[in-house]
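One structure is given below, encoded as structure tokens.
The values are calculated or read from the model by the stated rules, or taken from the named source; none is laboratory data. Treat the numbers as computed from the prediction; the structure is a model and nothing was measured. With ideal geometry, Cβ positions are generated from the backbone for all residues, glycine too; neighbour counts draw on all protein chains shown. Accessible surface is based on the protein model in full, side chains and every heavy atom, while ligands, DNA and RNA are left aside. Shrake-Rupley method; radii C 1.70, N 1.55, O 1.52, S 1.80 Å.
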Amino acid sequence: MAIPFVDTGIGVGLVDDSLDGVVRVTAVIDPASDFEAAKKFLHFTPPDEEDIYDKNIQIADLNCLNAALAVLRWKRWSGFYRDYRDELNLRYMIEGNMIANRPRNAN
């Protein structure tokens, strides 16, 4: 339908009796050129059996972070905030406390 959108996702697993995983925000700003690259980040299938987030676990802080990152991405796209990186995909890794960005123009 050629409508820009921001998609979010959370994947959580249990490692050594502690939760680990990733929070993801993917921005398809120009669907004609972004969608093919974004498909590798968008999940159209049910979560893996080991993804305990799908087991009705409630992780308010990860949900909050995911929502805030999605709103910030949308506001950068809309011009409210400066958007130097223009990322297609952002991932926050819990264990390393790191955010990694993939620019829209990366191959």
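Could you please give the count of residues in region 92-107 that are within 19 Å of Val28 (Cβ to Cβ) and open to solvent by 100 Å² or more (accessible area, probe 1.4 Å)?
2
Keeping to region 54-65, report how many residues are polar (S, T, N, Q) and at pLDDT 90 or above.
Total satisfying the criteria: 1.
Answer yes or no: is there a residue in region 71-86 that is within 26 Å of Leu14 (Cα to Cα) and open to solvent by less than 90 Å² (accessible area, probe 1.4 Å).
Looking for residues that are within 26 Å of Leu14 (Cα to Cα) and open to solvent by less than 90 Å² (accessible area, probe 1.4 Å), one finds none in region 71-86, hence no.
Counting only residues that are open to solvent by 70 Å² or more (accessible area, probe 1.4 Å) and either touching a strand residue (DSSP E or B) at 6+ places or on another chain (Cβ under 8 Å) or within 15 Å of Asp86 (Cα to Cα) (or both), which one in region 6-32 is modelled with the highest pLDDT? Full working, then the answer.
As a first pass, look at region 6-32 and keep what is open to solvent by 70 Å² or more (accessible area, probe 1.4 Å): 14-17, 19, 32.
Next, from what is left, pick out any that are either touching a strand residue (DSSP E or B) at 6+ places or on another chain (Cβ under 8 Å) or within 15 Å of Asp86 (Cα to Cα) (or both): 14, 19.
On the way: Leu14: 84, Leu19: 87.
Here the residue is Leu19.
Let's see how each residue does on (1) touching a helix residue (DSSP H, G or I) at 6+ places or on another chain (Cβ under 9 Å); (2) at pLDDT below 90; (3) part of a helix (DSSP H, G or I):
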{"site": "Ala67", "(1), (2), (3)": "no, no, yes"}
{"site": "Ala70", "(1), (2), (3)": "no, no, yes"}
{"site": "Lys75", "(1), (2), (3)": "no, no, yes"}
{"site": "Tyr81", "(1), (2), (3)": "yes, no, no"}
{"site": "Glu95", "(1), (2), (3)": "no, no, no"}
{"site": "Arg102", "(1), (2), (3)": "yes, yes, no"}
{"site": "Ala106", "(1), (2), (3)": "yes, yes, no"}
